[in-house]
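The values are calculated or read from the model by the stated rules, or taken from the named source; none is laboratory data. Treat the numbers as computed from the prediction; the structure is a model and nothing was measured. Quick reminder, even Gly has a Cβ in these numbers, built from the backbone with ideal geometry, and neighbours come from all protein chains shown. All accessible areas refer to the heavy atoms of the entire protein, side chains included, with ligands and DNA or RNA removed. Shrake-Rupley method; radii C 1.70, N 1.55, O 1.52, S 1.80 Å.
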Amino acid sequence: MTKAAAALLCLLGWPAWAQVQAPKPDAWAPMRFMVGDWQGTASGEPGTGTVVRHYEFILGGQFVHERNTSTFPPQDKNKAGEVHEHWSLFSHDKKRKTILFRQFHQESFVVTYALNPALSTPSRLVFDSEQVENIPSSWKARETYDLISADEFTETFELSQAGKPFAVYSRNHFKRRQP
């Protein structure tokens, strides 16, 4: 009788165990393609230039860290030229079931973005700002990543002030750096 009861419990418990063992969806799937080293062209308000970027998983795979350097040589649009650096940290907010990222700029701007699911697709990620530090609160920002292939994507950075439509500030076109 004991063996029959144990067998019955095992059979009844099997569906629950199978559900527990089912793989969880990959929260990072939409942006895994970004991991690695990239280089490309930059254009927009600062002029035309080059950009180098690196994405990597850090802290046990819980975050994605991005490091960016854009270089704009002196030109008519930007007589002095400039080098722009920023770092970003992407995280998965389990409570909201979305990807967030915080972007830290050398000019002291800090922008917190959230993935916009209504505008995003498998080949396009759109992040809208939720908070911008160190500039007037009427400003909003948007980052859009368009996947061209596993080794190529574009990034469009847009700004909006006081409820006006977003206007493109800069565009970057990246290709994966080959070792």
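Listed by position, the strands (runs of 3 or more DSSP E) enclosed by region 134-178 that each have at least 3 residues that are out of contact with any Gly (no Cβ under 7 Å at 6 or more places or on another chain) are 139-149, 152-161.
If you take the residues in region 139-173 that are over 15 Å from residue 44 (Cα atoms) and aromatic (Phe, Trp, Tyr), which one is most open to solvent (accessible area, probe 1.4 Å)? Among those that are over 15 Å from residue 44 (Cα atoms) and aromatic (Phe, Trp, Tyr), it is 139.
Which one is nearest to residue 38 (Cα to Cα) among residues in region 137-179 that are among the hydrophobic types (A, V, I, L, M, F, W, C) and free of Cβ contacts under 8 Å to residues at least 60 places away in the same chain?
Residues of region 137-179 among the hydrophobic types (A, V, I, L, M, F, W, C): 139, 141, 147-148, 150, 153, 157, 159, 162, 166-168, 174.
Now drop any that are not free of Cβ contacts under 8 Å to residues at least 60 places away in the same chain, which leaves 139, 141, 148, 159, 162, 166-167.
Values: 139: 29, 141: 23, 148: 14, 159: 24, 162: 34, 166: 26, 167: 25 Å.
Selected residue: 148.
Selection of region 84-130 for residues being aliphatic (A, V, I, L, M) and either in a strand (DSSP E or B) or exposed (fewer than 13 other Cβ atoms within 10 Å of the Cβ) (or both) yields 89, 99, 100, 110, 111, 114, 115, 118, 125, 126.
Restricting attention to region 65-83, report how many residues are part of a strand (DSSP E or B), open to solvent by less than 30 Å² (accessible area, probe 1.4 Å) and closer than 15 Å to residue 44 by Cα. Walk me through how you get there before you give the answer.
Looking only at region 65-83, we keep the residues that are part of a strand (DSSP E or B), and these are 65-72, 75, 78, 82-83.
Still in the running and open to solvent by less than 30 Å² (accessible area, probe 1.4 Å): 65-66, 68, 70, 72, 78.
Right, trim to closer than 15 Å to residue 44 by Cα and you get 70, 72, 78.
Result for region 65-83: 3.
Being of a type in the set (Phe, Trp, Tyr) and modelled with pLDDT of 95 or more is the filter here; which residues of region 132-168 pass it? Break it down into steps so the answer makes sense when it comes.
At the first step, the residues of region 132-168 found to be of a type in the set (Phe, Trp, Tyr) are 139, 145, 153, 157, 166.
Matches in region 132-168: 145, 153, 157, 166.
Cβ-Cβ distances below 7 Å connect the following pairs, each with a first residue in region 85-112 that is on the phi < 0 side of the Ramachandran plot, a second residue that is open to solvent by 20 Å² or more (accessible area, probe 1.4 Å) and of a type in the set (Asp, Glu), and a separation of six or more residues or different chains: 100/93; 106/85; 109/133; 110/133; 112/130.
Of all residues in region 45-55, which are open to solvent by 20 Å² or more (accessible area, probe 1.4 Å), not in a loop (DSSP other than H, G, I, E, B) and not β-branched (Val, Ile, Thr)? Break it down into steps so the answer makes sense when it comes.
As a first pass, look at region 45-55 and keep what is open to solvent by 20 Å² or more (accessible area, probe 1.4 Å): 45, 48, 50, 52, 54.
Remaining after also requiring not in a loop (DSSP other than H, G, I, E, B): 48, 50, 52, 54.
The one that is open to solvent by 20 Å² or more (accessible area, probe 1.4 Å), not in a loop (DSSP other than H, G, I, E, B) and not β-branched (Val, Ile, Thr): 54.
Note down all Cβ pairs under 7 Å where the first residue falls in region 28-48 and is within 24 Å of residue 72 (Cβ to Cβ), the second is aromatic (Phe, Trp, Tyr) and surrounded by fewer than 18 Cβ atoms within 10 Å (Cβ to Cβ), and they're at least six residues apart or on different chains. Listed pairs, sorted by first residue: 44/169; 45/169.
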